[in-house]
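Asks: Mind looking over this structure? Questions follow.
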Amino acid sequence: MAESKIKSWRNDAREKVTGQAKYTDDLSFADMLHAVPVYSDFVHARIKRIETKAAENYQNVLRILTAADVPGANRFGHIEKDHRIFADDKIRYWGDVVALVVASDRESAIKAAELIEVEAEALPSLHDPEEAIKPDAPLIHESHGSNIINTHRIRRGDVEEGFEDSDFVIQRQFQTQFVEHAYLEPEAAIALPRPDGVIEIYGSMQHPFSTRRFAAAVLGVRLADIEVIGTPMGGGFGGKDDTAAIVCARAALAAKLTGHPVKIRYDREWSIRESYKRHPYRVDYKMGVTSEGEIKAVQCKIIADGGAYCSTTPWVTWRSTVQCCGPYQVPNVHCDALGVYTNNVVAGAMRGFGSPQMNFVVEQMVEIAAEEVGISPVEFRHRNMVKQGSVTVTGQKLDDHTVSMSEALETVIDEIDYENKLKSCSFGKSQSDELYGIGLAMSYRGMSLGAEGMDFCAAIINAQFDGSIILEVGIHENGQGAQSAFILLLADELGVDRDRIRYRQPSTSTIPDSGSTVASRGVLMGSNAVLAAATEFKRKVSAAVSSILKCKAQDVRFADDRIYGRDEHHSISFDRAMHVMFLQQQFPFAFGEYRAPRVSWDEKTGQGKAYFTWVYGCQAAEVMVNKKSGRVRLTNAVAAHDMGRVINPGMALGQFYGGMAMGSGYALSEEIKIEDGEIVNLNYNSYRIPRSVDLPDMSAIFIENPDPNSPSGAKGIGEPTNEIMAPAIANAVYRATGKRYLKLPIKIES
Amino acid sequence: MTITINGKATEVLDALVEMNLLLFLREELRLTGAKIGCGKGFCGTCTILIDNKPVKSCQKKVLDVADKWITTIEGMAEPDGTLHPLQQAFIDAGAIQCGYCTPGMVLIGHAFLLKNPSPSRNDIRKAISPNLCRCTGYQQIIDAVEAAVGCYK
């Protein structure tokens, strides 16, 4: 489909384009109080005393909360319960919150926060994970017994033999940086004590169910005592899971203890200071190849800086090991990944989840290897890439869906005219100050959570007697357009106009816990839950109306806002059918659930069916590098991704462009800078995400191969688009300058 | 003092003239379309128009706009709810994802097209560069502004 022909639609577009959409900070409640977090100047310190008197006496202050005020658990986390709601024994990073000031107005709370004094014994702080894993390094979490958060491994074949069988052995070290999600809406939460004792939470978070878990644990109440309301959110990109949930939990605590609604709204500086980032990786990578260009062995060691708390580090680094060889078949693999505690800012989930780092490594390694062997990098990729029936490095056979790696690569090569443009690359030499280069990168990606966790999702279709339909799905609207995708899919399934369907963003009390809206699983899991509900819905309706239509239930068809029997002469309107059901005292209501197909994992060998299905994608970039300034300008970018089935083309395009843009920032400009434990770039002037003028017009190509693992046909696209732009740019920069840049962000010496 | 917001003259209490303009709009007038993104004028989510020029309202006081004509996103559609053609173009082009930058982007695009009825695509790209978007890569926002050019002639 030509991109320009696509007319987009989304159910919440009107409210957003008119400024009527109500994000968390746009909401206000009677007698609402305001709370702000209190940080200390310490990076790593043992807390002796937190002096709050002066702050308590400040005007309009109602209460100061510290760890001592938490009735339930002060420590929480998805995996390790080590993340403090308020620092208790120690301060472990500069973003640790020691207290919360609650006041009748925000300004007073901020002023009062400055009056809180933390007495603590400063401890030596660790900012380099390689220092942190040394045996004599001080422990950041004493009870953990080590600064190693987790390890993962892959053992496949015999790498020593593999290297012996190789004609070339290439070894490089790569390094990546802390990256901020930079969602435009900073963290915000409102908690409301309800007369029935339930605490109701509105918040900018992408995981209502984990927010509920965190809040319930902090308050020491049961899950049913907290109701998290899905609220429009100004971007997440993986970043509004644990930290955002903690902000909500603190608001819930303040609401519970004061009996008032409490709002917390973060300043940008607080958001960048406290929220988790994408992990910096140090990767030592060794690849053995034959003179025919066959990869024989890969050995790699991944050290991930997890920062002060565990967060999702074990899951992030797990994906990195599974995808440590990129989309290539490698018979002998020895991979070790370590997640490490440091006193840096916490690292956790971010769009890509351990893949952007590894793709930056692998997609340069294959090009370096190809050059050593003396064949073209494209040919090298073709020889080694996964094909139909290939076995991945974790022993998973790719035979139950279309393996479209080659299709994605060839599509991009054709679209950007890669082979021709290769001839114009400067390799460091040009008449002018400008150097030109083109590069590409490709990946495959295991979809959804894989062997990381529980993976199922619910949907509810509730039709009314006038024929209108209410749809709820246990997936959160992060801004990506999940709601509109589900509406379009249901309209298609039921053969009705989309305007008949109202989406209700469910609360945690109205739909079963369907997990987190992460891992590109929103549309994949949600669409199949909708499909299951639609199937059940049609079964019920068919049984109810088949006698009117004088046919068997299985012959009933849904189309054109009507329900048909054997032929077009036997039909009733959808409205009428719903009315009939109510007259028969039957609810046109259906619950649907989708369970991800089984996956498996052996932690010892790192072998198993890691993900139930995979997607394939390729991106190419053209750059101009200025010899004098060292500035890299992205002048063209093309992407092709297999996403199974496109439900809402306009929104799918947005995922492509947005992912590529974010990937270009990862390559060229974005880096959280930490000096003596303190983040120095706390706002958009110094943390530079791409602006419009930093980007070219980009091209996006949909590849749609049906996948029996996803009955709806849809897979996902959010993360794949974000995980290969950096290596594509790195490869382009190489062809422009003749130099390899193995460290992100790429900085060219002028 | 008086300021005119979306065509309506609004009397400002003396006690509020020193207030931050963005907070005044959001908290006193409940016009929450302008968003708080960075608080320092770097991101443009708080963009409003003052005498049809885009301004980052987080960097202004109420006093700064005395006797000026202010347009916020709430003033873009017709009173009967009919969308401004530029707003419709944003919807049709798929320019909206999380929506947090959208009010500012519509207004900066609107101000630009009022001044430049025949811009190139690159002119549009430059015009919206003061405002940040993290979702879209800007492409469909530029598509939307470009599609609306005809409505300003």
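The values are calculated or read from the model by the stated rules, or taken from the named source; none is laboratory data. These numbers come from a predicted model, not from an experiment. In this analysis, Cβ positions are derived from the backbone assuming ideal geometry, glycine residues included, and neighbour counts consider all displayed protein chains.
Let's see how each residue does on (1) touching a Gly at 6+ places or on another chain (Cβ under 9 Å); (2) closer than 13 Å to A:L440 by Cβ:
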| position | (1), (2) |
| --- | --- |
| A:I368 | no, no |
| A:I375 | yes, no |
| A:F380 | yes, yes |
| A:Q388 | no, no |
| A:G395 | yes, no |
| A:D399 | yes, no |
| A:V403 | yes, no |
| A:E407 | no, no |
| A:E410 | no, yes |
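Asks: Can you spot a residue in segment A:668-688 that is basic (K, R) and either surrounded by 22 or more Cβ atoms within 10 Å (Cβ to Cβ) or touching a helix residue (DSSP H, G or I) at 6+ places or on another chain (Cβ under 6 Å) (or both)? If you could, list the steps in order and put the result at the bottom.
Replies: Residues of segment A:668-688 that are basic (K, R), as a first pass: A:673, A:688.
From what's left, either surrounded by 22 or more Cβ atoms within 10 Å (Cβ to Cβ) or touching a helix residue (DSSP H, G or I) at 6+ places or on another chain (Cβ under 6 Å) (or both): none.
So far as segment A:668-688 goes, no, none of its residues is basic (K, R) and either surrounded by 22 or more Cβ atoms within 10 Å (Cβ to Cβ) or touching a helix residue (DSSP H, G or I) at 6+ places or on another chain (Cβ under 6 Å) (or both).
Asks: So, one more: Before we move on, is A:G395 assigned by TED's automatic domain parsing to the domain that holds A:V362 and more than 21 Å from A:V615 (Cβ to Cβ)?
Replies: Details: assigned by TED's automatic domain parsing to the domain that holds A:V362: yes; more than 21 Å from A:V615 (Cβ to Cβ): no.
In short, no.
Asks: Checking A:Q655 against (1) away from every other protein chain (no Cβ under 14 Å); (2) in contact (Cβ under 8 Å) with a residue 40 or more places away in the chain; (3) not aromatic (F, W, Y): exactly one of these is not met. Which one?
Replies: It fails just one condition, (1).
Asks: For B:L83, only one of the following conditions fails: (1) touching a Lys or Arg at 6+ places or on another chain (Cβ under 8 Å); (2) closer than 27 Å to A:P186 by Cβ; (3) not charged (D, E, K, R). What is its number?
Replies: (2)
Asks: Still on this model: Can you confirm whether segment B:37-44 contains a residue that is within 11 Å of chain A (Cβ to nearest Cβ), surrounded by fewer than 16 Cβ atoms within 10 Å (Cβ to Cβ), without any contact (Cβ under 8 Å) to a residue 40 or more places away in the chain and out of contact with any Phe, Trp or Tyr (no Cβ under 9 Å at 6 or more places or on another chain)? Talk me through it step by step, then tell me what you get.
Replies: Applying the first criterion (within 11 Å of chain A (Cβ to nearest Cβ)) to segment B:37-44 yields B:37-44.
Going one step further and asking which of them are surrounded by fewer than 16 Cβ atoms within 10 Å (Cβ to Cβ), we end up with none.
No.
Asks: Please enumerate the residues belonging to segment A:618-633 that are of a type outside the set (A, V, I, L, M, F, W, C) and in a strand (DSSP E or B). Before the answer, list the steps.
Replies: As a first pass, look at segment A:618-633 and keep what is of a type outside the set (A, V, I, L, M, F, W, C): A:619, A:622, A:626-631, A:633.
Residues satisfying the conditions are A:Q619, A:E622, A:N626, A:R633.
Asks: State all residues of segment A:693-719 that are over 23 Å from the mean Cα position of the chain (by Cα) and at the interface with chain B (Cβ under 8 Å from one of its Cβ atoms); if no residue qualifies, say none.
Replies: A:V693, A:D697
Asks: So which residues in segment A:456-481 are closer than 30 Å to A:S320 by Cβ and surrounded by fewer than 22 Cβ atoms within 10 Å (Cβ to Cβ)?
Replies: A:F456
Asks: Go through A:S484, A:S448 for me and flag whichever is within 14 Å of another protein chain (Cβ to nearest Cβ), of a type in the set (G, A, S) and surrounded by 19 or more Cβ atoms within 10 Å (Cβ to Cβ). Before you say what the answer is, go through the steps one by one.
Replies: Details: A:S448 fails: within 14 Å of another protein chain (Cβ to nearest Cβ).
Every option except A:S484 fails the conditions.
Asks: Of all residues in segment A:613-633, how many are under 17 Å from the mean Cα position of the chain (by Cα) and within 14 Å of chain B (Cβ to nearest Cβ)?
Replies: So the answer is 0.
Asks: Just to verify a result, which residue in segment A:75-93, among those that are part of a loop (DSSP other than H, G, I, E, B) and more than 28 Å from the chain's Cα centre (by Cα), is surrounded by the most Cβ atoms within 10 Å (Cβ to Cβ)?
Replies: Of segment A:75-93, the ones part of a loop (DSSP other than H, G, I, E, B) are A:77-82, A:85-89, A:92-93.
Next cut, more than 28 Å from the chain's Cα centre (by Cα) only: A:88-89.
Details: A:D88: 16, A:D89: 14.
Looking at residues that are part of a loop (DSSP other than H, G, I, E, B) and more than 28 Å from the chain's Cα centre (by Cα), I get A:D88.
Asks: Counting only residues that are over 24 Å from A:D499 (Cα atoms) and crowded, with 17+ Cβ neighbours inside 10 Å, how many does segment A:571-592 have?
Replies: Total satisfying the criteria: 0.
Asks: Scan segment A:634-652 for residues that are within 12 Å of another protein chain (Cβ to nearest Cβ) and part of a loop (DSSP other than H, G, I, E, B) and jot them down.
Replies: Here is the first cut: in segment A:634-652, the residues within 12 Å of another protein chain (Cβ to nearest Cβ) are A:634, A:637, A:639, A:648-652.
Result: A:N648, single match.
Asks: Something else about it: Return a yes/no flag: does segment A:248-270 have any residue that is within 14 Å of chain B (Cβ to nearest Cβ), in contact with an Asp or Glu (Cβ under 7 Å, 6 or more places away or on another chain) and on the phi < 0 side of the Ramachandran plot. Write out each step before concluding.
Replies: Filtering segment A:248-270 for residues within 14 Å of chain B (Cβ to nearest Cβ) gives A:263-270.
Narrowing the set further to residues that are in contact with an Asp or Glu (Cβ under 7 Å, 6 or more places away or on another chain) leaves A:265-266.
So of that shortlist, the ones also on the phi < 0 side of the Ramachandran plot come out as A:265-266.
Checked segment A:248-270: at least one residue is within 14 Å of chain B (Cβ to nearest Cβ), in contact with an Asp or Glu (Cβ under 7 Å, 6 or more places away or on another chain) and on the phi < 0 side of the Ramachandran plot.
Asks: Within segment A:53-70, can you find the residues that are over 11 Å from A:V98 (Cα atoms) and either in a loop (DSSP other than H, G, I, E, B) or polar (S, T, N, Q) (or both)? So that I can check it myself, show each step before the final result.
Replies: Residues of segment A:53-70 over 11 Å from A:V98 (Cα atoms): A:53-63, A:69-70.
Scanning segment A:53-70 gives A:N57, A:Y58, A:Q59, A:N60, A:V70.
Asks: Failed condition for A:Q175, given (1) free of Cβ contacts under 8 Å to residues at least 12 places away in the same chain; (2) of a type outside the set (S, T, Y); (3) under 30 Å from A:K296 (Cα atoms), with all others met?
Replies: With respect to (1) free of Cβ contacts under 8 Å to residues at least 12 places away in the same chain; (2) of a type outside the set (S, T, Y); (3) under 30 Å from A:K296 (Cα atoms), A:Q175 is out only on (1).
Asks: Which condition breaks for A:G663 when tested against (1) closer than 30 Å to A:Y93 by Cα; (2) within 14 Å of chain B (Cβ to nearest Cβ); (3) more than 17 Å from the chain's Cα centre (by Cα)?
Replies: (3)
Asks: Are there strands (runs of 3 or more DSSP E) fully within segment B:1-93 with at least 1 residues that are at pLDDT 95 or above, in the same structural domain as B:Y138 (by TED's automatic domain parsing) and under 27 Å from B:Y138 (Cβ atoms)? List them. Break it down stepwise before answering.
Replies: Details: elements: B:2-5, B:8-11, B:47-50, B:53-56, B:69-71.
Ranges flagged: none.
Asks: Go through segment B:24-36 residue by residue and tally those that are touching a residue at least 24 places away in the same chain (Cβ under 8 Å) and within 11 Å of chain A (Cβ to nearest Cβ).
Replies: Initially, segment B:24-36 is screened for residues touching a residue at least 24 places away in the same chain (Cβ under 8 Å), giving B:24-25, B:29, B:31, B:33-35.
Among the residues that remain, those that are also within 11 Å of chain A (Cβ to nearest Cβ) are: B:25, B:31, B:33-35.
Counting residues in segment B:24-36 that are touching a residue at least 24 places away in the same chain (Cβ under 8 Å) and within 11 Å of chain A (Cβ to nearest Cβ) gives 5.
Asks: In addition: Quick check on segment A:23-31. Is at least one of its residues in a loop (DSSP other than H, G, I, E, B), touching a residue at least 40 places away in the same chain (Cβ under 8 Å) and among the charged types (D, E, K, R)?
Replies: Yes.
This table checks each residue for (1) within 22 Å of A:H144 (Cα to Cα); (2) part of a strand (DSSP E or B).
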| position | (1), (2) |
| --- | --- |
| A:V38 | no, yes |
| A:D41 | no, no |
| A:I47 | yes, yes |
| A:I50 | no, yes |
| A:A73 | yes, no |
| A:V101 | no, yes |
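Asks: Scan segment B:116-153 residue by residue and report those that are more than 7 Å from chain A (Cβ to nearest Cβ) and touching a residue at least 60 places away in the same chain (Cβ under 8 Å).
Replies: Correct list: B:P130, B:N131, B:A148, B:C151.
Asks: Of A:A217, A:A191, A:A182, which residue is within 14 Å of chain B (Cβ to nearest Cβ) and hydrophobic (A, V, I, L, M, F, W, C)?
Replies: Values: A:A217 fails: within 14 Å of chain B (Cβ to nearest Cβ); A:A191 fails: within 14 Å of chain B (Cβ to nearest Cβ).
Going through A:A217, A:A191, A:A182 in turn, the sole match is A:A182.
Asks: Spot the failing condition for A:V378; the list is (1) surrounded by 21 or more Cβ atoms within 10 Å (Cβ to Cβ); (2) aliphatic (A, V, I, L, M); (3) within 26 Å of A:S699 (Cα to Cα), and only one is missed.
Replies: So the condition that A:V378 fails would be (1).
Asks: For segment A:429-451, indicate whether the set of residues that are within 20 Å of A:K240 (Cβ to Cβ) and touching a Leu at 6+ places or on another chain (Cβ under 8 Å) is non-empty.
Replies: We begin by selecting, within segment A:429-451, every residue within 20 Å of A:K240 (Cβ to Cβ); these are A:448-449.
So of that shortlist, the ones also touching a Leu at 6+ places or on another chain (Cβ under 8 Å) come out as A:448.
Yes, there is a match, as at least one residue in segment A:429-451 is within 20 Å of A:K240 (Cβ to Cβ) and touching a Leu at 6+ places or on another chain (Cβ under 8 Å).
Asks: Working only within segment B:73-106, note down all residues that are over 17 Å from B:K53 (Cα atoms), among the hydrophobic types (A, V, I, L, M, F, W, C) and surrounded by fewer than 24 Cβ atoms within 10 Å (Cβ to Cβ).
Replies: Matches in segment B:73-106: B:A77, B:L83, B:I91.
Asks: Answer yes if at least one residue in segment B:48-71 is within 13 Å of chain A (Cβ to nearest Cβ), of a type in the set (S, T, Y), over 20 Å from B:K126 (Cα atoms) and touching a residue at least 40 places away in the same chain (Cβ under 8 Å), and no otherwise.
Replies: Yes, some residue in segment B:48-71 is within 13 Å of chain A (Cβ to nearest Cβ), of a type in the set (S, T, Y), over 20 Å from B:K126 (Cα atoms) and touching a residue at least 40 places away in the same chain (Cβ under 8 Å).
Yes/no matrix, rows are residues, columns are (1) outside the structural domain of A:V322 (by TED's automatic domain parsing); (2) of a type in the set (S, T, Y); (3) part of a strand (DSSP E or B); (4) closer than 24 Å to A:Q619 by Cβ:
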| position | (1), (2), (3), (4) |
| --- | --- |
| A:R383 | no, no, no, yes |
| A:Q388 | no, no, no, yes |
| A:L409 | no, no, no, yes |
| A:Q431 | no, no, no, no |
| A:Y436 | no, yes, yes, yes |
| A:G439 | no, no, yes, yes |
| A:S443 | no, yes, yes, yes |
| A:F465 | yes, no, no, no |
